[in-house]
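Every read-out reported here was derived from the displayed coordinates using simple, explicitly stated rules and does not represent laboratory data. Note that the structure is predicted; figures quoted are calculated from it, not measured. All Cβ positions, even for glycine, are placed from backbone atoms using ideal geometry, and neighbour counts span all protein chains on display.
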Amino acid sequence: MPSTTVLMTIAINTISIAAGLAIYYISSKLGVSERKKVIEQLTSYIINFVLFIWLAKIIWQLPLFISDPVAVLAYPSNAQAFYLAIFLLLIQIGYHRKKRGLNIQLLLLHLIPVLLSASFTYQFIDIVWLNNQFAWGNFLLMMFLLLLFLRLRERLQQRTLIITITLCWVMGKLILSNLLPYTTMFGYMIHPLLYIIVGMICMILFVIRRKRVSL
């Protein structure tokens, strides 16, 4: 049943995100009050992203939603909804940066270990519970990136750390895209072009940073 699939997807993603936030809380070296504030901020953005996914699913299938809403809501979201949700979230973050002075670099520094831990948990569930053998590649990649982040977080400057981890993630995902029939992010089948775009953005930021340092 489609509705059962949707509920299972929601349950796995909820468990994964909760685990990601819990691992961040335990491993973070911030004070307790600071950690709670960060968790609240990240949770708010994650919830908004989930709402954006549902909104994007409705937008992509608006004619069908108008005639039969259940037919749209009962089925899992696709990659197109995921892409649009990312775009909507970026707009919100940009708005908060302009109006509230949001520090995007600090946000990413906190968000990366949460996403890595959540993805690691998701892949673990995919292997153990759903017996998905294709999840091993992503599982090992997330474990490597998470350990790399924990090892480098006190050795590299914040921006360098973010760019390094992101580029390693991009390269790992592109390699898996060529080795496996498909690669996913939290159950969504992602086109390799997204990884290439993210990698290009990171390289541009890296070059800009090098130029600023040399001046």
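Only four residue types carry charge here, +1 at the Cβ of Lys and Arg and -1 at the Cβ of Asp and Glu. Report the dipole size of the chain about the Cα centre in Debye, rounded to the nearest 20.
With Lys and Arg at +1 and Asp and Glu at -1, about 1180 debye.
Per 0.36 nm of contour for each residue apart, how much would the distance between ASN132 and GLN80 grow if the chain were fully extended, relative to their Cα-Cα spacing?
On the way: separation 52, 0.36 × 52 = 18.72 nm, distance 2.32 nm.
Length gained between ASN132 and GLN80: 16.4 nm.
At 7 Å along the Cα-to-beta-carbon direction for both MET143 and VAL198, put a label point, then send me their distance in nm to one decimal.
Here the answer is 2.1 nm between the modelled labels.
Using a Förster distance of 22 angstrom, determine the FRET efficiency expected from the C-beta separation of ARG151 and ARG97, and round it to 0.05.
Approximately 0.15, to the nearest 0.05.
Could you pull the Cα extents of segment 1-121 along its three principal axes, largest to smallest, in whole Å?
Ordered largest first, segment 1-121 gives principal extents of 51, 33, 19 Å.
So what is the relative contact order of the chain, in percent, for Cα pairs below 8 Å that sit 6 or more residues apart?
22
Per residue, how big is the convex hull of segment 50-155 when only Cα atoms are used? Give it in Å³.
Cα-based convex hull of segment 50-155, divided per residue, equals 122 Å³.
Within 10 Å of each residue's Cβ, count the other Cβ atoms and sort LEU174, LEU84 from fewest upward.
LEU174, LEU84
Under 28 Å Cα-Cα from LYS29, which lysines qualify once same-chain neighbours fewer than 8 residues away are excluded?
Excluding near neighbours in sequence, the set is LYS37.
Counting pairwise Cα distances across the chain, what percent come out greater than 28 angstrom?
32
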